[in-house]
Amino acid sequence: MLDIAGYFDRFGWSYESPEPGLWRSTFFTESEEEFDLYVMVVDDWVHFAVTPFLPPMEPDAAARLYPVLLQFNQQMRTARFALDSDGDVSLLADAPADQLSDAHFGRIVATLVAYADQLAGELRRLVADAGYHSPLMG
């Protein structure tokens with residue numbers, strides 16, 4: 001099994017392991033928003049998830065948000081948005097276990113943190129304000 005705890009230790013991130021093969025850490029964006037980062041090893045893959053990125057929302061807000069998430073998925077590198085069975089929006093990334101290194105782990109985590117920092121406020125505002133058009137959407 002990969003030493004995911006060792007990656008967190010080397011990057012100075014605190015974490016817990018609620019069950020075998022699963023690690024949870026927390027980070028803050030520049031705007032002081034707090035997010036949970038989960039790392040899970042399943043078979044030959046390492047799965048990263050910032051979840052919930054956005055909580056479940058009313059159908060009108062979801063109708064505004066989902067097309068935007070699909071557009072972002074096409075533009076983003078390394079990561080993508082997904083919906084879970086509870087309606088939470090998650091930010092995900094994956095890596096083949098045999099290719100994971102300190103550098104690769106660090107790039108994935110840095111990418112997820114950067115997307116959270118850049119997009120969370122904009123997406124929350126889009127959900128809350130039906131008239132809002134994000135400048136990130138061009």
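When 112, 65, 54, 70 are checked against the criterion of being under 22 Å from residue 136 (Cβ atoms) and free of Cβ contacts under 8 Å to residues at least 12 places away in the same chain, a single residue qualifies: 70. I'd like the full set of residues that are touching a helix residue (DSSP H, G or I) at 6+ places or on another chain (Cβ under 9 Å) and either of a type in the set (Phe, Trp, Tyr) or not in a loop (DSSP other than H, G, I, E, B) (or both), limited to segment 9-21. Residues satisfying the conditions are 10, 11, 13, 15, 17. Kindly indicate the residue of segment 48-66 that is part of a strand (DSSP E or B) and among the aliphatic types (A, V, I, L, M) and also surrounded by the fewest Cβ atoms within 10 Å (Cβ to Cβ) among those meeting that condition. Of everything passing the filter in segment 48-66, 49 is surrounded by the fewest Cβ atoms within 10 Å (Cβ to Cβ). A single entry from 116, 79, 97 fulfils the requirement of being hydrophobic (A, V, I, L, M, F, W, C) and farther than 13 Å from residue 53 by Cα: 97. The condition of being surrounded by fewer than 15 Cβ atoms within 10 Å (Cβ to Cβ) and under 20 Å from residue 107 (Cβ atoms) holds for only one of 35, 8, 28, that being 28. Among the residues of segment 104-116, are any among the basic types (Lys, Arg), surrounded by 15 or more Cβ atoms within 10 Å (Cβ to Cβ) and over 24 Å from residue 18 (Cβ atoms)? Checked against the condition, which is being among the basic types (Lys, Arg), surrounded by 15 or more Cβ atoms within 10 Å (Cβ to Cβ) and over 24 Å from residue 18 (Cβ atoms), segment 104-116 yields no hits at all. When segment 79-89 is filtered for residues that are surrounded by fewer than 17 Cβ atoms within 10 Å (Cβ to Cβ) and either in a strand (DSSP E or B) or touching a helix residue (DSSP H, G or I) at 6+ places or on another chain (Cβ under 9 Å) (or both), the ones remaining, listed by number, are 82, 83, 87. Could you grab me the full set of residues in segment 96-138 that are among the small types (Gly, Ala, Ser) and over 17 Å from residue 30 (Cβ atoms)? Scanning segment 96-138 gives 97, 101, 103, 106, 128, 130, 131, 134, 138. In this entry, residue 78 is excluded by the filter for residues that are among the hydroxyl-bearing types (Ser, Thr, Tyr), in contact (Cβ under 8 Å) with a residue 40 or more places away in the chain and under 26 Å from residue 15 (Cα atoms). Within segment 107-128, does at least one residue satisfy the condition of being of a type in the set (Gly, Ala, Ser) and in a loop (DSSP other than H, G, I, E, B)? Scanning segment 107-128, I find no residue that is of a type in the set (Gly, Ala, Ser) and in a loop (DSSP other than H, G, I, E, B), so the answer is no.
Whenever a residue of segment 25-43 is modelled with pLDDT of 95 or more and hydroxyl-bearing (Ser, Thr, Tyr), its partners that are surrounded by 11 or more Cβ atoms within 10 Å (Cβ to Cβ) and not in a strand (DSSP E or B), lying with C-beta atoms within less than 8 angstrom and at least six residues away or across chains, give the pairs 25/8; 25/13; 25/15. Note on segment 84-98: among residues that are modelled with pLDDT of 95 or more and not acidic (Asp, Glu), the one that is farthest from residue 8 (Cα to Cα) is 89.
Of the residues making up segment 8-22, none is within 18 Å of the chain's Cα centre (by Cα) and closer than 29 Å to residue 133 by Cα.
The values are calculated or read from the model by the stated rules, or taken from the named source; none is laboratory data. Remember, it's a predicted structure, so these values are computed and weren't measured experimentally. Ideal geometry is used to build each Cβ from the backbone, glycine not excepted, and the neighbour counts take in all protein chains shown.
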